[in-house]
Each structure stands twice: as C-alpha cells, then as structure tokens.
1. Take region 350-366 and flag every residue that is charged (D, E, K, R) and either more than 11 Å from Leu339 (Cα to Cα) or within 16 Å of the ligand (Cβ to nearest atom) (or both).
2. When you go through Ala283, Ala279 one by one, which is the residue that is out of contact with any helix residue (DSSP H, G or I) (no Cβ under 9 Å at 6 or more places or on another chain) and not hydroxyl-bearing (Ser, Thr, Tyr)?
3. Can you tell me how many residues within region 181-192 are assigned to a strand (DSSP E or B) and either free of Cβ contacts under 8 Å to residues at least 24 places away in the same chain or away from the ligand (no atom under 16 Å from the Cβ) (or both)?
4. For the structure I just gave you, tell me whether Asp45 is surrounded by fewer than 18 Cβ atoms within 10 Å (Cβ to Cβ) and either of a type in the set (A, V, I, L, M) or touching a strand residue (DSSP E or B) at 6+ places or on another chain (Cβ under 7 Å) (or both).
5. Restricting region 193-250 to residues that are under 13 Å from the mean Cα position of the chain (by Cα) and of a type in the set (Gly, Ala, Ser), which is nearest to the ligand (Cβ to nearest atom)?
6. Among the numbered criteria (1) in contact with a Ser or Thr (Cβ under 6 Å, 6 or more places away or on another chain); (2) in a helix (DSSP H, G or I), which single criterion is violated by Asp398?
7. Within region 367-390, track down each residue that is more than 16 Å from the ligand (Cβ to nearest atom), closer than 20 Å to Gly49 by Cβ and not aliphatic (A, V, I, L, M).
8. Scan region 384-400 and tell me whether some residue there is farther than 26 Å from Leu156 by Cα and at pLDDT 95 or above.
Amino acid sequence: MTTPQTPASAPHRPLSDLSPEELADFRTAKEEEYAALKARGLSLDLTRGKPSSAQLDLSNALLSLPTSTKDRAGTDVRNYGGLEGLTELREIFADLLGVETDQVVCGGNSSLTLMHQVLVDLLLHGGPGSDRPWKDEPVVKFICPVPGYDRHFSMLADFGIEMVTVDMHADGPDVDAVAALVKDDPSIKGLWIVPTYANPSGAVCSQEVAAALMSMPTAAPDFRVFWDNAYAVHHLTDIEVKSADALSLAAASGNPERPIMFASTSKITFAGSGVSVLAASAANKAWYLKHLAMASIGPDKINHLRHVEFFGSADGVREHMRKHREIIAPKFDAVDAALTGVLGGLDVAEWTQPTGGYFVNLDVLDGTASRVVALAKEAGIALTPAGASYPHGQDPRDRNIRLAPTFPALEEVETAMAGVATCVALAAAESMSS
Ligand code: PLP
C-alpha cells in the first residue's frame with residue numbers, strides 16, 4: 001500500500017494555533033492542492049456500504065448449489081411450506097448470534113424487509129404486551145442513537161414516527177439518556193440499535209450497556225429494541241468480539257419481548273441474494289409468524305439450502321468472514337493512513353478506526369461537513385450526503401460524514417481519501433479564516 005504523502009505545506013500543528021498570515025498561507029496551499037485534485041478529473045465513489053466484486057466472488061460457489069432438493073428432514077425445498085425457514089440454517093444463525101435455534105426465523109434476502117414487516121405489524125396490530133395498535137396511539141416515538149443508519153431513520157420518517165436522538169458512545173447508546181427518556185414517556189415505543197460494529201461509528205455495544213437497555217423501566221408496556229446485528233461477524237481484526245446477549249439479558253430482566261434481533265448474509269455472501277434472520281422470544285416469534293402467514297406460504301428454501309451447503313456450519317461462516325477481512329481491512333487502513341497523513345495534528349477532524357463493520361465515521365470541523373462533501377463532489381469524489389447519519393438528514397453540527405471504503409479498489413480508496421482529506425483541510429481553513 002502506498003502511504004499518502006504529507007503535503008509540505010501541512011504545519012501539523014493545530015490550525016487554531018496559526019497566526020492569520022500562517023492560516024492564509026495554509027489556505028492558499030490547500031487551494032492549490034484542491035485545484036490540482038480537480039484537474040485530475042476523478043470519478044470515485046465512497047457512498048454506499050456495498051461489498052466489492054472481489055468479496056462477491058468469494059461466494060461464487062453458491063451459483064452451482066444446492067446439490068440436493070431435500071433438507072435434512074427430507075422436505076422437498078422446491079415446494080411451499082416451512083415458514084420459519086430451514087432448521088439447519090436456523091441452527092447456524094443461532095450459533096452466530098448467540099441465541100436458541102427455536103428463537104430464529106430465516107427469511108428472504110433482506111433484513112431491512114423484516115424490520116419493516118415488524119414495524120408495520122406493530123403499527124397495524126400492536127405486539128405482545130400492547131394496549132392497542134401503535135397506529136391508534138396519539139404519538140409514536142423512537143429513540144435513535146446518532147450517528148446511525150440512514151435507512152432506519154427514513155423508515156421511521158416514512159411512517160410519521162418521531163425520532164428522539166441520543167449520542168452513540170464507544171460502548172453503545174448513552175444509556176443514562178435513554179433510561180431517562182423512556183421512564184416517563186409512554187409514547188416512546190422503541191429504540192433502534194446496530195449493536196456490533198455500528199453503522200457508521202463502528203461502536204460495539206457492551207454487555208453492561210445491553211443489560212441496562214434490556215432491564216430499564218419503560219413507561220410503554222410494549223417498548224421494543226430493534227437489535228439490528230447486521231455486522232455481528234464482520235470483524236476487521238483478529239479480535240472477533242462477541243455481540244452482547246440481548247435476548248437472554250431481556251428474559252433474565254423479565255422483559256423477554258423487548259428485543260427483536262435482525263441480521264442477514266447481505267455482506268457475507270451476495271448482497272442481493274442472501275438470507276435474512278429474525279430472532280426473538282417465543283411470544284414475539286409466534287406473533288411475527290402469525291402475521292407473516294398472511295403474506296407468504298414459505299420462504300425461498302432453495303436459497304436457504306444453498307447457504308447451508310455452502311457454509312456447512314457456523315465455523316464455516318467465521319472462516320468465510322476472514323477471507324472478507326483480508327480483502328477489506330487494507331482499505332480501512334488506507335482511509336486511516338490518508339486522513340492521518342493530511343490531517344494529523346491539525347485538530348480539525350476526528351475519525352474512527354473501526355475493528356469491524358463497513359464504515360469509518362469522520363467528524364470534521366463544525367459547520368463544514370456539507371462544504372467538504374460539495375468540494376469532494378466537484379473534484380469527482382462522491383461522498384454520502386453530509387447529515388445522512390442523522391434523522392431527516394439533519395446533523396445539527398454539520399460535521400458528520402460517513403465513509404464507505406469497501407466497494408472501490410484499494411488504489412481508488414487511497415486516491416479518493418487523499419482527496420477527501422484535502423477537502424477537509426481546505427473547508428476548515430476557509431471556515432477559520434472567514
Ligand atoms: N442494517 C444495517 C445496519 C445496514 O448497514 C444495512 C446495509 O447497509 C442493512 C441493515 C441492510 O441489510 P439487508 O441487506 O439485510 O436488508
């Protein structure tokens with residue numbers, strides 16, 4: 001990997017320490033670097049967290065599977081039935097997610113669809129413990145740790161559900177803030193969390209924070225935690241963290257219905273043709289299947305069997321994820337190297353060095369994130385819109401940018417990130433000298 005060169009003009013001391021003349025010189029140097037960047041006519045994209053073709057290739061054997069038409073029980077997978085999914089696939093996910101096989105349902109290719117179904121069912125029917133369908137409540141609110149996943153927020157917005165933000169810390173959501181909010185307000189019906197290698201911060205929810213979330217008193221009798229464990233096995237180092245144990249913590253606290261866990265193989269096998277997973281208490285699972293039965297006679301069991309044959313076991317999944325890591329970890333290193341090379345010591349940006357997941361969270365100088373994204377766009381580098389990781393796309397400090405380095409080739413990540421770093425430095429210099 002080539003290490004981006006630190007421009008000679010970078011003073012590598014806090015920009016706020018520079019005299020007005022030094023700051024003007026710094027700005028001029030960055031304007032020149034930016035002009036050179038634009039002149040290159042780049043066309044690079046760091047917007048969405050998609051697997052690269054090399055990662056997709058790791059699963060190409062799926063294209064000639066399954067070799068059988070029967071599951072372990074002898075059921076013909078080509079036919080209708082088996083609403084909760086193939087038992088052997090449910091066993092694999094139970095192992096990976098640290099839950100019981102009985103608690104698991106395997107579905108179609110998208111966990112986001114499962115989350116949508118659960119939300120719609122709660123709105124239309126209410127769930128176990130509900131006094132009435134959520135649609136009949138005067139107001140429904142969700143707690144959203146920020147920065148968070150834009151599609152969670154847009155789904156809530158689509159249903160008119162109000163979003164109350166709390167900060168996402170390195171060990172999970174600010175649990176004191178959450179507990180204070182849910183204690184007295186029965187309109188707060190849920191919380192959405194990506195517990196392991198969060199999108200976009202990479203935070204990992206600790207067992208302690210999870211225990212507090214599962215045991216805290218809530219004014220709503222049917223408070224739900226949407227536990228979106230999309231990145232449970234997506235480690236970037238050889239420390240393969242174990243996700244907090246939401247279902248058993250909730251059951252032990254007398255709130256078994258609180259968490260509903262989701263995951264998928266979207267970033268394990270094929271993003272468009274994987275399998276999804278829901279895990280929940282017996283009552284939640286029965287409730288979910290009862291409503292699912294109105295919409296489906298059974299999932300795509302051929303795809304389930306294909307995945308079972310491909311992985312063999314939960315260890316097969318873990319082994320497979322190490323191959324992903326070999327491909328993508330250098331891209332995350334490249335992001336860090338580029339940002340450190342250009343911005344280190346300037347005190348105008350902070351970024352995460354995630355140990356798993358798909359994103360790097362970049363916080364730039366307050367008020368400059370939109371400018372950075374616009375500068376990058378003009379230079380041919382597409383970034384996720386500033387504010388995307390906040391409800392309604394509104395980052396109150398206009399400082400947050402989500403970087404997604406998995407899809408482009410390594411050299412493209414290096415080039416794009418050196419360019420982004422220049423844009424961050426230039427936007428900071430503009431803001432400080434205006
Ligand atoms: N959940 C999180 C946190 C994600 O980041 C993503 C995709 O980026 C998804 C869910 C989408 O999952 P699926 O492809 O299973 O719908």
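1. The answer is Asp363, Asp366.
2. Working: Ala279 fails: out of contact with any helix residue (DSSP H, G or I) (no Cβ under 9 Å at 6 or more places or on another chain).
Of Ala283, Ala279, the one residue that is out of contact with any helix residue (DSSP H, G or I) (no Cβ under 9 Å at 6 or more places or on another chain) and not hydroxyl-bearing (Ser, Thr, Tyr) is Ala283.
3. Initial filter on region 181-192 (assigned to a strand (DSSP E or B)): 188-192.
When the remaining residues are screened for being either free of Cβ contacts under 8 Å to residues at least 24 places away in the same chain or away from the ligand (no atom under 16 Å from the Cβ) (or both), the result is 188-189.
Summing the residues that are assigned to a strand (DSSP E or B) and either free of Cβ contacts under 8 Å to residues at least 24 places away in the same chain or away from the ligand (no atom under 16 Å from the Cβ) (or both) in region 181-192 gives 2.
4. Numbers: surrounded by fewer than 18 Cβ atoms within 10 Å (Cβ to Cβ): yes; either of a type in the set (A, V, I, L, M) or touching a strand residue (DSSP E or B) at 6+ places or on another chain (Cβ under 7 Å) (or both): yes.
So Asp45 passes the test.
5. Once the filter is applied, the top-ranked residue is Ala230.
6. Exception for Asp398: condition (2).
7. Within region 367-390, Lys377, Gly387 qualify.
8. Let us first name the residues in region 384-400 that are farther than 26 Å from Leu156 by Cα, namely none.
Within region 384-400 (the criterion being farther than 26 Å from Leu156 by Cα and at pLDDT 95 or above), the answer is no, since none of the residues qualifies.
The values are calculated or read from the model by the stated rules, or taken from the named source; none is laboratory data. Quantities reported herein were computed from a predicted structural model and do not represent experimental measurements. Cβ: placed from backbone, ideal geometry, glycine included. Neighbour counts: every protein chain shown.
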